[in-house]
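The values are calculated or read from the model by the stated rules, or taken from the named source; none is laboratory data. What you see is a predicted model; the values in this text were computed from it and never measured. All Cβ positions, glycine included, derive from the backbone under ideal geometry; neighbour counts span all protein chains shown. Ligands, DNA and RNA are stripped out before the accessible areas are found, and what is left, the full protein with its side chains, is counted by its heavy atoms. Shrake-Rupley method; radii C 1.70, N 1.55, O 1.52, S 1.80 Å.
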Amino acid sequence: METTDFKLTSWIKIPVNSDFPIYNLPLGIIKHKDGKQSAATAIGDYAVDLSALHRLGYLKGIALPDAIFDKPYLNEFIALGKPVWHSLRQRIKVLLGSDNGELRDNKQAVKECLYSINDVELCMPVKVGDYTDFYSSKEHATNVGSMFRDPKNALLPNWLHLPVAYHGRSSSILVSGHNFHRPKGQVTLPGSDNPSFSPSKALDFELEMTFIIGKSTELGQSISTKEAGDYIFGMTLFNDWSARDIQRWEYVPLGPFLAKNFASTTSPWLVSMEALEPFRTKAPDQQPEVLPYLKRSKADSAIDITLEVWLQAEKSEAVKLCTSNYKYLYWTMEQQLAHHTSNGCNINVGDLMASGTISGPTPDSFGSMLELTWNGSKPISLPGGQERKFLQDGDTVIIKGYAQNEKGRIGFGEARAKVLSAI
């Protein structure tokens, strides 16, 4: 059976344009009403409990330790390696395929394995040990540089030569649906050179994606762009919330700190690189030529993933703020990982690498309020006569994403969270 057989159908009813057809099969962690957590995959509007499948003997022949799917995170499963990931994915496709009755015809097993997505809670899929946030969108970096520096020299001298990044805070990464309080910090008011301490008045979203590390390295080991794919398990949507007024005051000389570490939101389903392979496309050209260790190993090193950001004010319908695409990134994930490990930095299973804000070439593809409102100078009009320069308390931001071509479509679900008032 082909890994990307887009003609495959399932005995489970799948809505048209569902994010989770049978050829997606992302992995995540679900919590049942009794509090038990287990690994699962998503198909249509359902979660398939992998712990139950394993316990009932449907996954025989795959090298899976006992209770591997009863863990609160996927890290131990991911550490089993690519051959196991592939075997599990193939077996699930067989079990859920429309021409296979092994599971379908066992009503008791179906009852134990298949759950409406509304009857379970979606949890953090991995235990994130370390989190690195890149700054890899040329359009975003140019916009920010134009806003706060000389537009003719928007990019700093190093930007076209290496994937800029900083180390983020993993403890405050939240799964979609978990809300957070507006951060407080030092800000400088207009006309003042001295800071005051207050809730942020310039809270922003950042449209990003992540890739999750699937294989650890030893300290001193470097990964080439050609090898990088062997170390990446899958991807999620990501919102790296930012407090722009706190950031403006604190980021010189060492970069973001309290302006970024208060919260980040990830989608709950890990979409495998295997599922995303058919959606690869050409990455942007790079000039000047990069150093040899950063040269791309293949032409189709980008992935065509359409990304949307929606804003829902309290008691209002959601409105779409922007549409961007992961393929716009100047630096690919393989280049990011090669650079990250070029000095011998070790990586671990479950580490999260974020793309940085993903902005496109047109104003409707900018991936942050900072850019969409041009630092508040062009407020966004919302239904009911409201305006937004930055986010207000009660605002919910929803990031969606999907990959689609003439053969098929897969999606990521959503990364959603509401801004609560400061405490």
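Points worth noting:
- Near pairs, Cβ below 7 angstrom, 6+ apart or cross-chain, from the stretch 288-309 (under 12 Å from residue 226 (Cβ atoms)) to any residue that is open to solvent by 50 Å² or more (accessible area, probe 1.4 Å): 293/342; 297/226
- Selected residue (criterion: most open to solvent (accessible area, probe 1.4 Å)) from residues of the stretch 289-307 that are outside any strand (DSSP E or B) and under 16 Å from residue 400 (Cβ atoms): 304
- Candidates 384, 411, 367: the one that is of a type outside the set (A, V, I, L, M, F, W, C), in contact with a Lys or Arg (Cβ under 8 Å, 6 or more places away or on another chain) and either surrounded by 20 or more Cβ atoms within 10 Å (Cβ to Cβ) or at pLDDT below 95 (or both) is 411.
This table checks each residue for (1) surrounded by 16 or more Cβ atoms within 10 Å (Cβ to Cβ); (2) of a type in the set (Ser, Thr, Tyr).
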residue	(1), (2)
37	yes, no
52	yes, no
63	no, no
74	yes, no
94	no, no
98	no, yes
103	yes, no
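- Residue 238 being over 24 Å from residue 369 (Cβ atoms), of a type in the set (A, V, I, L, M, F, W, C), surrounded by 19 or more Cβ atoms within 10 Å (Cβ to Cβ) and within 21 Å of the chain's Cα centre (by Cα): no
- Single match in 222, 196 (criterion: touching a residue at least 60 places away in the same chain (Cβ under 8 Å) and of a type in the set (S, T, N, Q)): 222
- Identification of strands (runs of 3 or more DSSP E) wholly contained in the stretch 179-234 with 3 or more residues that are more than 30 Å from residue 365 (Cα to Cα) yields 195-199.
A quick yes/no check of all residues on (1) surrounded by 16 or more Cβ atoms within 10 Å (Cβ to Cβ); (2) over 21 Å from residue 6 (Cβ atoms); (3) touching a Leu at 6+ places or on another chain (Cβ under 7 Å):
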{"position": "258", "(1), (2), (3)": "yes, yes, no"}
{"position": "268", "(1), (2), (3)": "yes, yes, yes"}
{"position": "272", "(1), (2), (3)": "yes, no, no"}
{"position": "276", "(1), (2), (3)": "yes, no, no"}
{"position": "280", "(1), (2), (3)": "yes, no, no"}
{"position": "287", "(1), (2), (3)": "no, yes, no"}
{"position": "309", "(1), (2), (3)": "yes, yes, yes"}
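- Set side by side, the residues 133, 99 differ, and just one is outside any helix (DSSP H, G or I), more than 28 Å from residue 352 (Cβ to Cβ) and either touching a residue at least 40 places away in the same chain (Cβ under 8 Å) or not hydrophobic (A, V, I, L, M, F, W, C) (or both), which is 99.
- For the stretch 1-57, the set of residues classified as assigned to a loop (DSSP other than H, G, I, E, B) and of a type in the set (S, T, N, Q) consists of 3, 4, 9, 17, 18, 24, listed by residue number.
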